[in-house]
1. For the pair THR43/VAL96, report the inter-label distance in nm, with labels modelled 7 Å from Cα in the Cβ direction.
2. Counting only the backbone N, which residues of region 76-110 are under 16 Å from the spot 7 Å out from the Cα of LEU167 toward its beta-carbon?
3. Cα axis of helix 125-183 to longest principal axis of the chain: angle in degrees, 0 to 90, nearest 10?
4. In whole percent, what relative contact order does region 2-186 give with Cα contacts below 8 Å and a gap of six or more residues?
5. Of the labelled options (1) 1.06; (2) 3.04; (3) 1.11, which one gives Cα Rg over 2.2 N^0.38 Å as computed for this structure?
6. Quick one: net charge around VAL152, please, counting Lys, Arg +1 and Asp, Glu -1 for every other residue with C-beta under 13 Å from its C-beta.
7. Per residue of region 77-91, what does 6.51 cos²θ - 1.76 cosθ + 1.60 with θ = phi - 60° give for ³J(HN,Hα)? Whole Hz please, x for Gly and Pro, Karplus curve as stated.
8. Run lengths n ≥ 4 of DSSP H only: what is the helix-derived mean residue ellipticity at 222 nm for the chain, with -39500 (n - 2.57) per run over all residues, to the nearest 500?
Amino acid sequence: MAKAITEEQQQRELREMLCRSLDRLDQLTEQNRFERHYHFRLTNTIVKISAALMLIVAVFNVLYAYDFYLRMLAIVDNISLLEQNTRSISRDMDIVVDTMSQLNSYMTGMEQINDSMILMSETMPQMNQRVGSVVNGMHQINTEMVQMSQNVQLINSSFNHIATGVLIMRGNVNQIAKPMGVMNPFMP
């Protein structure tokens, strides 16, 4: 009988140990499940916040791309206007060059006036000094007009070069702006 009690006690102790182990295992499993559930909720919250931030950044990127497209169109318009103004200035400079050429031809007539003044100065000694200064002034004016005519021609050729450069720049900006125009239907 002592053996039966002992075996019975051993079985009871084994059952108690097994129950305690199962209870402990159940507690650990429940704690692990709770921690896993907590981490899942935390991960889901972080993913939702990240997705919201990415959506906000995407919206701003689309708005910035649309704004960039509008600014590129404005630059193209400004370059077109600059080209038109440059062409207008070039035409005006052509008119100035023609006027200077006419003025230069008038100045050659001043030599005849100079000859007449010399004849007058021989007859009028007091007038000679004044006419001499006028003659010198006329020669200087003639020289300066020739130089001015040459400078205006140089300016005109420079404006023609600028107009060509503006045309090239306009074409380049149009090429940059075209891809943005393709994205326009997707933008708000």
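Read-outs: derived from the displayed coordinates by stated rules, not from any lab. Just so it is clear, the model here is predicted, and its values are computed rather than measured. All Cβ positions, even for glycine, are placed from backbone atoms using ideal geometry, and neighbour counts span all protein chains on display.
1. Roughly 7.6 nm, to one decimal.
2. 79-91
3. Once rounded, one gets 20 degrees.
4. 34
5. (2)
6. -4
7. 4, 5, 5, 4, 5, 4, 5, 4, 5, 5, 5, 5, 5, 4, 4
8. -36000 deg cm²/dmol
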